[in-house]
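Student: This is the structure, below, for whatever I ask next.
The values are calculated or read from the model by the stated rules, or taken from the named source; none is laboratory data. This structure is a prediction, so every number in the text was calculated from the model and none was measured. FYI the Cβ positions are ideal-geometry reconstructions off the backbone, even for glycines, and counts take in every protein chain you see.
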Amino acid sequence: MDWGMMTHRLGGWATPPPSGGSDLYWKSMSLPMGITVSMPFILMLGSIAVLPLVFPHWWESNRNKAWISLALGAPTLAYLLSFVPEGPELVLHTAVDYLAFVTLLTALFVIAGGIYVRGTLAGTPLTNTVLLGIGAVAASFIGTTGASMVLIRPLLRANHRRRHKVHTVIFFIFIVSNCGGLLTPLGDPPLFLGFLRGVPFHWTFRLFAEWALVNGVLLLVYNLLDQYWLNREELEDRRALLEEIERAERPIAIEGRHNFVYLAGVMGTILLVGYMGQVAGWSDIRQKIVQTAVMAGLALLAWWTTPRRIYEHNHFTFHPPIEVAVVFGGIFATMVPVLQLLAHWGDRLGVVHPWQFFWMTGVLSSFLDNAPTYLTFASLASGLLHTDPMNLAELTHTAAGESLLRAISCGAVFMGANTYIGNAPNFMVRAIAEEQRIRMPSFLGYLRWSVPFLVPLWLLVTLVFFRG
């Protein structure tokens, strides 16, 4: 089908591709056509948000998720390859980004799944707070998924004598599964996507003040809340609960310690290959392919060298990384037109201030997925400042660009904690807690925790860091 036929079938909404290349093509696209090419992305994110609530059992099947990704992604890829100037190049870059993204998450999941913490800590308010603090640091270096999988079971064992444990799991999701992962691209998927688009690995360390404020406040509030529930339990049960908890403590030991070497290897791979690639003049695609290959090799080494009993203790399955792969396949495929349109139409949308980027990125990250949301608004920032959306490092070269990227990064990482569907580890932690017979709140019940505890904190972050 030629372009004229496509224009006719779209009711005249499309315009023939101009001769000025990709930039002119996206800038000159009509609004109805822009909505049309964005619809698969909108439907993909809508499926992620709605289907788990409406058809939960149907959505559990990775095969069903794969069919949705294929049904929405294939037409978008065909459109890009057939009608868009430089479309094949966009598809190639996106495919390489997707492969690197899925490989990183899978490698962290497999390696962290080979680490098992034996023993029982005393589930006192101080011990619980320290464990959450350790998780906040670990999340930035082994990922929110890795830190959540390593630490949630030891935390639950430490509190097995406590009746009120829901608040501990909720704050674990707030801190370890989300807010702790701000300091490196390994911490949370959106930051890694930014790294894949050129943001320097060390740049996220500049977000330490935001990380420290948010996690410090959450740890303080949690400690006070946990002390309140402990005191209440002792009064209700008329027993020295604290003494029982302390007597139940057992020495801690870590099995699968060699996997920490592999975790360090993942970070070293990203740093070393990036440095070697710059020195050797490798292309961006070649660097990502080499990084992906090495990370896959580290994951295989972890799988082959870790005793099966450790994975069994952690109830390890490959369902979560397969789910990520099939869902994000659809997201990556359908998001290309949206990112390009935002990059070239950015000055038309009225979102220009850091606080607007923080809240817009954050609110959408709460109900959709924070990784593509990050890329969407990073592309919008690129459009406003006339930089390349495929090279987000250009945003870090100016004060205006850096302030927008800071707001986008914080919004995507922090506000993934607002709902169960904001970040992948949230549902995983909930499922593990329910396996331990902890009655976790429903989707709306979770909002009764996140709104009063998190929204005031986001207002504080806005006032302190993003008022401009």
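Student: Please list, ordered by residue number, the helices (runs of 4 or more DSSP H) wholly in region 319-409 having 2 or more residues that are of a type in the set (Ser, Thr, Tyr).
Tutor: Details: elements: 319-345, 354-367, 370-385.
Once the helices (runs of 4 or more DSSP H) in region 319-409 are filtered for at least 2 residues that are of a type in the set (Ser, Thr, Tyr), what remains is 354-367, 370-385.
Student: Would you confirm whether or not region 341-361 contains a residue that is in contact with a Phe, Trp or Tyr (Cβ under 6 Å, 6 or more places away or on another chain), of a type in the set (S, T, N, Q) and either under 30 Å from Val176 (Cα atoms) or surrounded by fewer than 21 Cβ atoms within 10 Å (Cβ to Cβ) (or both)?
Tutor: yes
Student: Hey, could you check region 290-316 for residues that are touching a helix residue (DSSP H, G or I) at 6+ places or on another chain (Cβ under 9 Å) and not in a helix (DSSP H, G or I) and say which is surrounded by the fewest Cβ atoms within 10 Å (Cβ to Cβ)?
Tutor: That would be His315.
Student: Still on this structure: So for region 15-35 (the condition being hydrophobic (A, V, I, L, M, F, W, C), within 30 Å of Gln291 (Cβ to Cβ) and either modelled with pLDDT of 90 or more or part of a helix (DSSP H, G or I) (or both)), does at least one residue qualify? Spell out the reasoning first.
Tutor: From region 15-35, those hydrophobic (A, V, I, L, M, F, W, C) are 24, 26, 29, 31, 33, 35; that's our starting set.
Pick out the ones that are also within 30 Å of Gln291 (Cβ to Cβ) and you get 26.
If we keep only those that are either modelled with pLDDT of 90 or more or part of a helix (DSSP H, G or I) (or both) as well, we get 26.
Taking every residue of region 15-35 in turn, at least one turns out to be hydrophobic (A, V, I, L, M, F, W, C), within 30 Å of Gln291 (Cβ to Cβ) and either modelled with pLDDT of 90 or more or part of a helix (DSSP H, G or I) (or both).
Student: Which condition does Ile68 not pass, out of (1) within 18 Å of Ala424 (Cβ to Cβ); (2) crowded, with 21+ Cβ neighbours inside 10 Å, if it passes all the others?
Tutor: It fails just one condition, (2).
Student: Would you check which residues across region 137-165 are touching a Gly at 6+ places or on another chain (Cβ under 8 Å), over 24 Å from Ile421 (Cα atoms) and either polar (S, T, N, Q) or not in a helix (DSSP H, G or I) (or both) and list them?
Tutor: Matches in region 137-165: Asn159, His160, Arg161, Arg162.
Student: Now for a different question. For region 73-83, does any single residue satisfy the condition of being without any contact (Cβ under 8 Å) to a residue 24 or more places away in the chain, part of a helix (DSSP H, G or I) and either of a type in the set (Lys, Arg) or under 19 Å from Asn370 (Cα atoms) (or both)?
Tutor: Checking region 73-83: not a single residue is without any contact (Cβ under 8 Å) to a residue 24 or more places away in the chain, part of a helix (DSSP H, G or I) and either of a type in the set (Lys, Arg) or under 19 Å from Asn370 (Cα atoms) (or both).
Student: Now a separate question. Out of the residues in region 411-449 that are of a type in the set (D, E, K, R) and not in a helix (DSSP H, G or I), state the one that is nearest to the chain's Cα centre (by Cα).
Tutor: Among those residues, the one meeting the criterion is Arg439.
Student: Continuing with the same structure: Run down Ile134, Ile173 and say which single residue is within 30 Å of Ser409 (Cα to Cα), without any contact (Cβ under 8 Å) to a residue 24 or more places away in the chain, outside any loop (DSSP other than H, G, I, E, B) and out of contact with any Cys (no Cβ under 6 Å at 6 or more places or on another chain).
Tutor: Details: Ile173 fails: without any contact (Cβ under 8 Å) to a residue 24 or more places away in the chain.
After ruling out the rest, the residue left standing is Ile134.
Residues are listed down the side, and each one gets a yes or a no for (1) closer than 22 Å to Leu218 by Cβ; (2) in contact (Cβ under 8 Å) with a residue 24 or more places away in the chain; (3) of a type in the set (Gly, Ala, Ser); (4) in contact with a Pro (Cβ under 7 Å, 6 or more places away or on another chain):
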site: Leu385; (1), (2), (3), (4): no, no, no, no
site: Ala393; (1), (2), (3), (4): no, yes, yes, yes
site: Ala400; (1), (2), (3), (4): no, no, yes, no
site: Ser403; (1), (2), (3), (4): no, yes, yes, yes
site: Met440; (1), (2), (3), (4): yes, yes, no, no
site: Thr462; (1), (2), (3), (4): yes, yes, no, no
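Student: Go through Ile115, Ile68, Ile48, Ile111 for me and flag whichever is touching a strand residue (DSSP E or B) at 6+ places or on another chain (Cβ under 9 Å) and of a type in the set (A, V, I, L, M, F, W, C). Show your work before the answer.
Tutor: Values: Ile68 fails: touching a strand residue (DSSP E or B) at 6+ places or on another chain (Cβ under 9 Å); Ile48 fails: touching a strand residue (DSSP E or B) at 6+ places or on another chain (Cβ under 9 Å); Ile111 fails: touching a strand residue (DSSP E or B) at 6+ places or on another chain (Cβ under 9 Å).
Exactly one residue qualifies, and that residue is Ile115.
Student: Of all residues in region 284-299, which are closer than 17 Å to Ile142 by Cα and hydrophobic (A, V, I, L, M, F, W, C)?
Tutor: Val294, Met295, Ala296, Leu298, Ala299, listed by residue number.
Student: Evaluate the following for Ile152: is it modelled with pLDDT under 90, touching a helix residue (DSSP H, G or I) at 6+ places or on another chain (Cβ under 8 Å) and β-branched (Val, Ile, Thr)?
Tutor: On the way: modelled with pLDDT under 90: yes; touching a helix residue (DSSP H, G or I) at 6+ places or on another chain (Cβ under 8 Å): yes; β-branched (Val, Ile, Thr): yes.
Judged against the criteria, Ile152 is a match.
Student: Still on this structure, I have one more. Going by the structure shown, is Val199 surrounded by 13 or more Cβ atoms within 10 Å (Cβ to Cβ), within 26 Å of the chain's Cα centre (by Cα) and outside any helix (DSSP H, G or I)? Full working, then the answer.
Tutor: On the way: surrounded by 13 or more Cβ atoms within 10 Å (Cβ to Cβ): yes; within 26 Å of the chain's Cα centre (by Cα): yes; outside any helix (DSSP H, G or I): yes.
Judged against the criteria, Val199 is a match.
Student: Next up: Could you tell me how many of the residues in region 181-198 are closer than 18 Å to Val137 by Cα, at pLDDT below 90 and hydrophobic (A, V, I, L, M, F, W, C)?
Tutor: The total comes to 2.
Student: Could you list, in sequence order, all residues of region 255-289 that are in a loop (DSSP other than H, G, I, E, B) and of a type in the set (Lys, Arg)?
Tutor: First, pick out the residues of region 255-289 that are in a loop (DSSP other than H, G, I, E, B): 256-258, 281-283.
Listed by number, the list holds a single entry, Arg257.
Student: Here is a follow-up. Quick one: which of Ala371, Ala343, Ala407, Ala412 is modelled with pLDDT under 90, within 24 Å of Leu457 (Cα to Cα) and in contact with a Pro (Cβ under 6 Å, 6 or more places away or on another chain)?
Tutor: None of the other options fit; the residue is Ala371.
Student: Follow-up. Among the residues of region 83-92, is any within 30 Å of His258 (Cα to Cα) and among the aliphatic types (A, V, I, L, M)? Outline the logic, then answer.
Tutor: As a first pass, look at region 83-92 and keep what is within 30 Å of His258 (Cα to Cα): none.
No: zero hits.
Student: Now, a different point. Considering only region 456-467, state which residues are part of a helix (DSSP H, G or I) and within 23 Å of Val352 (Cβ to Cβ).
Tutor: Trp458, Leu459, Leu460, Val461, Thr462, Leu463, Val464, Phe465
Student: Within region 123-137, restricting attention to residues that are aliphatic (A, V, I, L, M) and more than 14 Å from Leu224 (Cβ to Cβ), which residue is surrounded by the most Cβ atoms within 10 Å (Cβ to Cβ)?
Tutor: So the first thing to find is which residues in region 123-137 are aliphatic (A, V, I, L, M), and the list is 126, 130-132, 134, 136-137.
Subset that is more than 14 Å from Leu224 (Cβ to Cβ): 130-131, 134, 136-137.
Numbers: Val130: 14, Leu131: 20, Ile134: 15, Ala136: 26, Val137: 15.
Going through the qualifying residues, I end up with Ala136.
Student: Report yes if Leu191 is of a type in the set (A, V, I, L, M, F, W, C) and without any contact (Cβ under 8 Å) to a residue 60 or more places away in the chain, otherwise no. So that I can check it myself, show each step before the final result.
Tutor: Working: of a type in the set (A, V, I, L, M, F, W, C): yes; without any contact (Cβ under 8 Å) to a residue 60 or more places away in the chain: no.
No, not satisfied.
Student: Which condition number does Leu183 fail, the rest of (1) under 24 Å from Ala393 (Cβ atoms); (2) touching a residue at least 60 places away in the same chain (Cβ under 8 Å); (3) buried (at least 21 other Cβ atoms within 10 Å of the Cβ) being met?
Tutor: For Leu183, the failing item is (2).
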